[in-house]
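First up is the structure itself, then whatever we jot down about it.
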Amino acid sequence: MIPTNIVPLPKATLVSSLESKSDPELAFSIVEAFSRRAKTSGIRDISMADLASDLRMSTKTLYKVFANKRELVQELVIRWEMRIRKPIEKYKGDLLTVLRYWVKVWVDNDAQFSTQFWVDLKSDFPDLYQVYVSSLYNRMGAMKERLSPYLKSDVNAEFAWSSYFILMTASAQAKTYEKIGMTKEQCVFAAFDFWMRAAIDMESLAKGSDTNIQAI
């Protein structure tokens with residue numbers, strides 16, 4: 001059976017301010033513009049003037065909504081945190097399907113931002129970076145606890161999990177997937193499937209997962 005003694009994720013530590021803005025729709029559009037820039041640029045390289053230009057508004061108007069870049073970065077972190085914490089209530093499918101769903105969530109969202117963005121987040125906003133990392137590792141901890149019973153008997157558990165994080169991180173980098181002629185999503189899923197076949201007893205997993213998944 002799949003273990004169910006998963007420690008619940010702690011409550012969210014940040015709360016979005018978008019709804020409290022005088023114009024929530026405008027605030028949302030600014031965050032979206034910032035997010036688009038973050039896919040190719042580091043935080044330091046994204047200027048408020050560039051965002052204002054993207055949105056065809058004055059810098060003065062932009063600063064009335066968001067006083068600084070930290071507020072914008074915080075809204076992105078809140079998005080990620082909410083996504084990571086969202087449980088898959090009564091998910092109809094086996095464990096592998098659920099895990100692949102979470103890989104896709106990561107590819108579609110977090111993995112699309114530039115490497116420099118993450119470097120700047122860690123160095124310039126360490127508290128926000130830690131919020132994101134803590135939420136992510138709580139989710140990964142739940143995944144690890146679900147899969148650990150199905151590790152192959154001849155596989156070293158610590159090596160298996162260390163290699164998982166290294167492999168998944170490398171597969172999401174442009175220098176990896178572009179070199180081998182894949183899209184980011186193709187490369188990440190190839191890495192995930194490769195790791196699963198190498199580390200997990202797929203036959204046991206299939207037998208043990210033949211039930212509806214409770215919230216992860």
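So the values come out like this:
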{"read-out": "Which listed residue, of Glu25, Glu19, Glu32, is among the acidic types (Asp, Glu), at pLDDT 90 or above and surrounded by 11 or more Cβ atoms within 10 Å (Cβ to Cβ)", "value": "Glu32"}
{"read-out": "Search result, residues across the stretch 52-75 that are open to solvent by less than 40 Å² (accessible area, probe 1.4 Å) and part of a helix (DSSP H, G or I)", "value": "Ala52, Leu62, Val65, Leu72, Val73, Glu75"}
{"read-out": "Residue pairs meeting the criteria (Cβ under 8 Å; at least 6 apart or on separate chains; first within 14 Å of Val98 (Cβ to Cβ), in the stretch 132-145; second polar (S, T, N, Q))", "value": "Glu145/Asn5"}
{"read-out": "Residue match in the stretch 97-109 (condition: modelled with pLDDT under 95, of a type in the set (Asp, Glu), open to solvent by less than 40 Å² (accessible area, probe 1.4 Å) and under 15 Å from the mean Cα position of the chain (by Cα))", "value": "no"}
{"read-out": "Condition check for Phe125: aromatic (Phe, Trp, Tyr) and either loosely packed, with under 12 Cβ neighbours inside 10 Å or at positive phi (or both)", "value": "no"}
{"read-out": "Inter-residue pairs, beta-carbon under 7 Å, first closer than 30 Å to Lys21 by Cβ and in the stretch 69-95, second aromatic (Phe, Trp, Tyr) and modelled with pLDDT of 65 or more, 6+ apart", "value": "Arg70/Phe125; Leu72/Phe34; Leu72/Phe66; Val73/Phe125; Val77/Tyr132; Trp80/Tyr132; Glu81/Tyr132"}
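Rundown of residues vs (1) among the acidic types (Asp, Glu); (2) modelled with pLDDT of 90 or more; (3) within 30 Å of Val15 (Cα to Cα); (4) crowded, with 17+ Cβ neighbours inside 10 Å, yes/no style:
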{"residue": "Ser135", "(1), (2), (3), (4)": "no, no, yes, yes"}
{"residue": "Tyr150", "(1), (2), (3), (4)": "no, yes, no, yes"}
{"residue": "Ala174", "(1), (2), (3), (4)": "no, no, no, no"}
{"residue": "Glu178", "(1), (2), (3), (4)": "yes, yes, no, no"}
{"residue": "Val188", "(1), (2), (3), (4)": "no, yes, no, yes"}
{"residue": "Ala199", "(1), (2), (3), (4)": "no, yes, no, yes"}
{"residue": "Gln214", "(1), (2), (3), (4)": "no, no, yes, no"}
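The values are calculated or read from the model by the stated rules, or taken from the named source; none is laboratory data. Treat the numbers as computed from the prediction; the structure is a model and nothing was measured. In this analysis, Cβ positions are derived from the backbone assuming ideal geometry, glycine residues included, and neighbour counts consider all displayed protein chains. Only protein heavy atoms, including side chains, enter the accessible area calculation; ligands, DNA and RNA are left aside. Shrake-Rupley method; radii C 1.70, N 1.55, O 1.52, S 1.80 Å.
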